[in-house]
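Asker: There's a structure below that I have some questions on.
The values are calculated or read from the model by the stated rules, or taken from the named source; none is laboratory data. No experiment lies behind these values; they were computed from the predicted model shown. In this analysis, Cβ positions are derived from the backbone assuming ideal geometry, glycine residues included, and neighbour counts consider all displayed protein chains. With ligands, DNA and RNA removed, areas are computed over all heavy atoms of the protein, side chains included. Shrake-Rupley method; radii C 1.70, N 1.55, O 1.52, S 1.80 Å.
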Amino acid sequence: MDPIRANNSTIYFDSAGYTSLNDYIEKGKFSKIFILVDDNTHVHCLPSFLTHLNTNTSIEILEIEAGEIHKTIETCSGVWNSLSELDADRKSLLINLGGGVITDLGGFVACTFKRGIKYINIPTTLLAMVDASVGGKTGVDLGHLKNQIGVISSPDIIIIDTSYLNTLPKHQMKSGMAEMFKHGLISDSNYWKKLSDLSRLTIEDLDGLIYESVLIKKCVVDKDPDEQNLRKTLNYGHTLGHAIESYFLSNTNRPSLLHGEAVAIGTVMASYISTQLAGLPEEDTHEIKSVLKSFYGHIPIAENEYKAIMDLLKYDKKNVHGNINFVLLEAIGSPKIDCIVPDEIIREAFKYYAA
């Protein structure tokens, strides 16, 4: 597959990426290379990655604990301290090898260490391949509030090597699919149809679908890199999805949800709201609900939990002047941004999901 130029990054696919990476390292004359991994990718992905690396530059491995709960400033401090102790300078290179936590946090660490060092993203989960690693958003959570601290900055190179997906548990694959479903809903009804007929998809189809998903996000980000208008559409399902994810993370009586699981719930709810306020045909909302529930199952949310989740909506990054701004659909492939939604409609959306 041909490389994709997205904003300031070049996205390479499979083996072509490693050739380009080695050329980049040779030309960059880096003083040291640091590879950021978590305790999962250290075991399952790093050995394979190192076989592709052809350099005499000194390499250091930095490891953090896996999981969204560790996507914090405290973890960043640990990485910054490790870089300092290992004599990293402004000519150092950071390679982020892992899922969305690694690429988000590692990108933020690179952007802020000594006012910025070069970095590369090598996503190893489906979610990171189609979403987190592409588009230049870096950052960390603030407590249980998602992605409150960060900057927009792009790596020079992103390598999408789908062989890493062989190491991924099934539920993590499903988490990544939520972003692909979203890409179809906001931009391409044909892509949505391809994804929604899951029974016909094979593992051989996945490379092409990932490529299409990356292209969709690239086209949006290129037109609006700073998220002033069009890029907001990539948050479809995320306003409620992030609030639900944060609620489950902070509630000790609830098992935490993967990002994609929470976004799937938020997408069903946003589709109901779209029917009520933006004109999305009711049959499309029923189809979206049917597809996503058949794929992710049903996650019960009690009526007495609605208010606590709704209280978290005020922390959404798209909010302006105290207004909670939703992305809605007028039709599949036709999103509408900056929509204000009454609380009563949000409560109805919870009940629609529960039904």
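Asker: Condition first: part of a helix (DSSP H, G or I) and more than 21 Å from Gly78 (Cβ to Cβ). Now tell me which residues in the range 21-47 satisfy that.
Answerer: Leu21, Asn22, Asp23, Tyr24, Ile25, Glu26, Lys27, Gly28, His44, Pro47
Asker: Can you give me the number of residues within the range 193-211 that are out of contact with any helix residue (DSSP H, G or I) (no Cβ under 6 Å at 6 or more places or on another chain) and either in a loop (DSSP other than H, G, I, E, B) or open to solvent by 40 Å² or more (accessible area, probe 1.4 Å) (or both)?
Answerer: Selection size over the range 193-211: 12.
Asker: Please go through (1) under 25 Å from Lys174 (Cβ atoms); (2) surrounded by fewer than 19 Cβ atoms within 10 Å (Cβ to Cβ) for Ile337 and return the number of the only condition it doesn't satisfy.
Answerer: In the conditions (1) under 25 Å from Lys174 (Cβ atoms); (2) surrounded by fewer than 19 Cβ atoms within 10 Å (Cβ to Cβ), Ile337 misses (1) alone.
Asker: Same structure again: Go through Arg254, Arg347 for me and flag whichever is within 23 Å of the chain's Cα centre (by Cα), farther than 22 Å from Glu227 by Cβ and open to solvent by 10 Å² or more (accessible area, probe 1.4 Å).
Answerer: It is Arg254.
Asker: How about the range 65-176: which strands (runs of 3 or more DSSP E) wholly inside it have at least 2 residues that are of a type in the set (A, V, I, L, M) and buried (at least 23 other Cβ atoms within 10 Å of the Cβ)?
Answerer: Ranges flagged: 93-98, 118-123, 157-160.
Asker: OK, next. Which ones in the range 213-238 are open to solvent by 20 Å² or more (accessible area, probe 1.4 Å), in a helix (DSSP H, G or I) and more than 13 Å from Lys182 (Cβ to Cβ)?
Answerer: Selection gives Leu215, Lys218, Cys219, Asp222, Lys223, Leu230.
Asker: Could you look through the range 1-24, keep only residues that are in contact with a strand residue (DSSP E or B) (Cβ under 7 Å, 6 or more places away or on another chain) and under 21 Å from Phe113 (Cβ atoms), and pick out the one that is surrounded by the fewest Cβ atoms within 10 Å (Cβ to Cβ)?
Answerer: Tyr24
Asker: Could I ask something else about it? Read through the list (1) more than 25 Å from Tyr119 (Cβ to Cβ); (2) of a type outside the set (A, V, I, L, M); (3) out of contact with any His (no Cβ under 9 Å at 6 or more places or on another chain); (4) open to solvent by less than 60 Å² (accessible area, probe 1.4 Å), then give the number of the only condition that Gly241 fails.
Answerer: (3)
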